[in-house]
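> What follows is a structure written as structure tokens; I'll ask about it next.
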Amino acid sequence: MNVGINQKKVHTFIKGITSSYSQVFFSDNKIFAVLLMIVSFIDLFAGICGLFSVLVTCFAAKWFGLNTEQIKKGIYGFNSLLVGLGLGIYFAPAWLLFLVLFVAAIFTLFISVAMEGVIGKYALPYLSIPFILSFWTVTLATREFTALGISERGIYSLNDLYILGGSTLVNLYEWGNQIVIPQSLKTYFISLGAIFFQFNVLSGIIIAFGLLYYSRIAFSLSLIGFYAAFYFYQLIGADITVFNYSYIGFNFILTSIAIGGFFIIPSKLSYLWTILLMPLVVILVISLNKVFMVFHLPIYSLPFNIIVLLFLYVLKFRVNNYEHLSEVIIQQNSPEKNLYSYQNYLTRFSQKAPVSLKLPFFGEWVVTQGHNGEFTHQGHWKHAWDFMINDEDAKIYTDSGDYVEDYYCYGKAVTAPADGIIEEIVDNVPDNIIGQVDVKNNWGNTIIIRHNDSLYSKLSHLVPGSIPVKKGDSVTSGQVIGKCGNSGRSPYPHLHFQLQATPFIGSSTINYPIGHYLVSKDSDTKLMSYNNPVKDEIVSNIVKTPLLQKAFNFIPGKSLKWKKSDSEVIYEWKINTNPYNQLYIECPTTGSQAFFEEDEDLLIFTHFSGDKTSVLYYFYLAAYKIQLGFYKDLHIQDQYPLNLVFSKKALFFQDFVAPFYKYLNTNFGIKYSEIDNELSPSKITLKSVSSKYYLKKILSKTHFEIKINSEGIESFKMTENNKENIFICEK
């Protein structure tokens with residue numbers, strides 16, 4: 001057990017070191033981190049200094065007991081890395097320098113933690129401010145350190161390269177500097193290399209390839225931002241050659257990546273703002289250079305920090321959530337992942353309401369009047385519904401229909417649409433004779449329920465004396481609160497249901513959706529989520545099937561064991577919650593996690609991370625959206641995030657245009673196929689399909705079959721390319 005814990009600590013520490021390199025570009029990609037580490041060692045001593053600084057910072061952060069996840073992500077390490085690289089470039093090798101590096105790394109960590117507290121409370125990143133403050137401080141101080149010598153390694157840089165990679169690396173370095181490409185592109189590569197204190201084309205080319213591998217969006221934004229600034233320099237007649245020997249070029253690259261695709265969801269507008277902000281970054285670069293030249297200090301990444309922080313801070317003051325310029329809420333360290341997750345969220349949950357409402361009755365009712373009704377439900381009261389019950393012949397009453405008792409809905413239970421508190425009650429208005437209305441008591445017997453401070457439900461025309469609750473009582477979703485009647489302005493028995501923002505009888509209605517409900521037509525049943533029932537639809541609440549409830553009752557602490565039918569290897573899953581109270585299934589063997597949420601009568605998977613060949617991944621695809629009530633031949637459709645279904649290779653070109661256009665698509669479909677006994681089932685079969693599309697053409701389909709018995713999930717089968725895999729749940 002201790003061995004496993006120690007291995008995990010070592011893995012976390014190593015991850016923190018490598019992530020410190022990639023975090024400079026807001027990335028956690030391992031391959032990109034290795035490439036950046038290689039670039040940092042083109043100057044061997046500088047590379048050693050950078051690595052030493054990261055090691056000191058990670059050890060110190062661990063020793064101080066700082067957040068392990070922050071250490072693992074390289075959040076504390078990347079600023080120290082830059083300080084170490086900078087000092088290693090400028091000073092000659094000496095043991096005294098490592099003492100300075102040690103002190104500088106600790107100082108940088110202190111500033112990082114301080115910035116995390118000061119800037120972080122506004123939900124803003126501290127970017128590379130710790131690097132700038134620490135490096136300036138140390139640089140100014142070292143001017144008095146006569147024991148430290150200035151580096152002359154730039155003259156003998158080929159010697160360092162020869163030590164690292166022999167003549168091959170030397171030849172590659174010289175090729176990079178002599179390669180025939182447009183001067184602007186050379187300047188772009190040099191600007192990329194300068195981020196790691198390397199003023200050569202080879203470093204920039206390596207970083208560019210790494211950036212392209214890590215993120216197509218980030219790569220394209222780096223070019224857009226750089227060239228927007230480059231041409232603005234030409235337009236205003238400023239000295240462009242300064243790009244080639246100073247650290248200003250990377251300000252444009254990092255600003256464009258940060259604004260265009262990392263802190264903001266990539267979109268047409270984020271790309272536009274990237275271009276619009278570049279002239280401002282240029283002006284800031286030129287003006288700050290004039291100021292700091294007095295102190296003989298380079299400005300490094302100061303303009304990038306100022307513009308990004310100002311822009312993100314301004315967004316905090318928006319009154320409305322601007323959909324087309326959305327901040328990243330859950331950071332996945334990849335513009336593509338952020339974008340695809342956001343697009344998937346909009347498709348699946350954009351209509352999701354804070355309070356999930358049920359229909360206020362049992363069984364199937366027909367919508368006789370919906371929003372913008374034919375008779376009433378107009379003007380300030382247009383967002384309302386009238387419900388009745390009809391029979392197979394679409395009749396709403398039996399016998400002659402001359403008496404209220406003839407109507408199928410009369411006297412039927414009316415239920416609370418959600419948890420709440422009774423705000424108002426009227427229960428003394430008599431029922432009308434059929435065909436007559438009471439215009440004096442327009443709403444008849446009515447209940448108003450407060451669900452939150454801005455959401456109230458009103459149910460009207462109830463039977464007099466049928467309300468079992470009183471004002472101030474707490475009610476739960478589905479609790480009986482009255483009976484459908486014919487009081488008030490009601491010529492025929494029906495239930496009037498509306499949502500409003502104020503607690504008064506007669507308040508204006510608001511457009512607020514019903515959470516999850518079923519629409520029946522002929523023999524077809526369709527699940528609707530956060531929608532408005534429309535006229536003539538036959539609607540009902542979901543009635544949960546205990547067998548499905550038990551099978552998908554994923555509560556924290558529960559475990560599931562799986563194995564392939566042709567293997568003895570057992571995978572044990574555990575249901576957990578993270579610090580943000582998100583539920584997820586974890587497979588420790590593969591390091592995979594499938595996040596889900598329980599939304600009233602549904603279990604919905606929201607995200608997956610880890611091994612895409614794991615049993616958990618296949619289960620994520622198979623059970624992506626499960627409705628917990630069995631309805632024969634019910635079909636449910638949904639969509640997966642592109643990056644969780646398509647390979648990186650398949651998404652390569654899609655990534656470039658993803659902020660503007662999607663030509664690849666996915667689809668999830670599930671059919672409630674078989675049940676052995678609808679009243680007391682012991683076996684249920686669900687069949688689902690995961691599909692990939694190019695435009696509207698199907699590229700591939702993966703079929704799943706989930707079998708459920710009285711003990712829970714029995715097994716699920718995956719069929720892909722005529723090959724079957726069966727996964728059995730061990731009891």
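> Which aspartates and glutamates does K73 reach when only Cα atoms under 14 Å apart count, and residues fewer than 8 places away in its own chain are ignored?
D28
> Pairs K625/K662; K72/K563; K352/K662: which exceed 29 Å Cα-Cα?
Where the Cα-Cα span goes over 29 Å, the pairs concerned are K72/K563.
> In addition: So what's the angle, to the nearest 10 degrees on a 0 to 90 scale, between helix 30-40 and the longest Cα principal axis of the chain?
Helix 30-40 sits at roughly 20 degrees to that axis.
> Along the Cα→Cβ direction, 7 angstrom out, place labels at V480 and D406. What is the inter-label distance in nm?
Modelled inter-label distance: 2.6 nm.
> Helix 44-63 against the longest principal axis of the chain: what's the angle in degrees, Cα atoms only, rounded to the nearest 10?
Between the helix axis and the principal axis of the chain, the angle is about 40 degrees.
> Sticking with this one: When the Karplus curve 6.51 cos²θ - 1.76 cosθ + 1.60 is applied with θ = phi - 60°, which whole-Hz ³J(HN,Hα) does each residue of region 602-613 get, with x for Gly and Pro?
Calculated HN-Hα couplings, in order: 10, 10, 10, 7, 10, 6, 9, 9, x, 7, 7, 10 Hz.
> Just to be sure I understand the model, the point goes 7 Å from the Cα along the line to the Cβ. What's the resulting E392 to K671 distance in nm?
2.5
> Which order do the peptides 260-270, 425-435 come out in when sorted by mean C-beta neighbours inside 10 angstrom, highest first?
Peptide ranking by packing, descending: 260-270, 425-435.
> May I pose another question? Please list, in chain and number order, the residues 5+ apart from F91 or on another chain whose amide H is under 5 Å from its amide H, with Hs placed from the backbone.
Excluding prolines and chain starts, which carry no amide H, the hits are S151.
> For the ranges 37-50, 445-458, 640-653, 577-590, what's the packing order if you count other beta-carbon atoms within 10 Å of each residue, average per peptide, and put the highest first?
Peptide ranking by packing, descending: 37-50, 445-458, 640-653, 577-590.
> Using the alpha-carbon centroid of each, what span in Å lies between region 378-415 and region 602-634?
38
> Here's a follow-up. Between L699 and residues 5 or more places away or on another chain, which pairs have amide H atoms under 5 Å apart, with H built 1.01 Å from N, and which residues are they?
Residues meeting the amide H criterion: K692, Y693, Y694.
> For L325, L127, what's the fewest-to-most ordering of other Cβ within 10 Å of each Cβ?
Lowest to highest Cβ neighbour count: L325, L127.
> Okay, next question. Could you go through region 450-458 in sequence order and give the Karplus-derived ³J(HN,Hα) for each residue, using 6.51 cos²θ - 1.76 cosθ + 1.60 with θ = phi - 60°, rounded to whole Hz, and x for Gly and Pro?
In residue order, the calculated couplings are 8, 9, 7, 5, 10, 9, 10, 10, 10 Hz.
> Out of residues 5 or more away from V328 or on other chains, whose amide H comes under 5 Å of its own, with H placed 1.01 Å from N in the peptide plane?
Correct list: I264, I265.
> For N578 and H380, calculate 0.36 nm times their separation in residues minus their Cα-Cα distance, and state this gained length in nm to one decimal.
Difference between extended and current length: 66.9 nm.
> Sort out for me the Cα centre separation of region 562-584 from region 429-473, rounded to whole Å.
49
> Residues with beta-carbon under 14 Å from that of E424, excluding E424: net charge, scoring Lys, Arg +1 and Asp, Glu -1?
Neighbour charge sum, excluding E424 itself: +1.
> If I stretch the segment between N372 and D633 completely, what's the gain in nm (0.36 nm per residue apart, minus their alpha carbon distance), one decimal?
Between N372 and D633, full extension yields an extra 90.7 nm.
> I would also like to ask the following. Given the DSSP H assignment, sum -39500 (n - 2.57) over each helix run of at least 4 residues in the chain and divide by its residue total; what's the result at 222 nm in deg cm²/dmol, nearest 500?
Helix contribution divided over all residues of the chain: -12000 deg cm²/dmol.
> Return the tail of the calculated pair distribution for region 579-731, meaning the percent of Cα-Cα pairs more than 18 Å apart.
When all Cα pairs of region 579-731 are counted, 63 percent exceed 18 Å.
> Continuing with this model, one more query. On a C-alpha basis, how far is the centre of region 316-346 from the centre of region 199-220 in Å? Whole number, if you could?
Rounded to whole Å, the Cα centres lie 25 Å apart.
> Report ³J(HN,Hα) in whole Hz for each residue of region 418-430, in order, from the Karplus equation J = 6.51 cos²θ - 1.76 cosθ + 1.60 where θ = phi - 60°; Gly and Pro get x.
6, 4, x, 10, 5, 9, 8, 9, 10, 9, 10, 9, x
> Under a cut-off of 20 Å between alpha-carbon atoms, report the aspartates and glutamates in cross-link reach of K121, not counting same-chain residues fewer than 8 places apart.
Once the sequence-local aspartates and glutamates are set aside, what remains near K121 is E69, E327.
> Expressed as an acute angle from 0 to 90° and rounded to the nearest 10, what is the orientation of the C-alpha long axis of helix 302-315 relative to the principal long axis of the chain?
Value to nearest ten degrees: 10.
> Order of 209-218, 518-527 by packing, highest average Cβ count within 10 Å first?
209-218, 518-527
FYI, it's all coordinate maths here, none of it is from the lab. Fair warning: this is a prediction, and the values are worked out from it, not measured in the lab. Neighbour counts run over all protein chains shown; Cβ positions are idealised from the backbone, glycine included.
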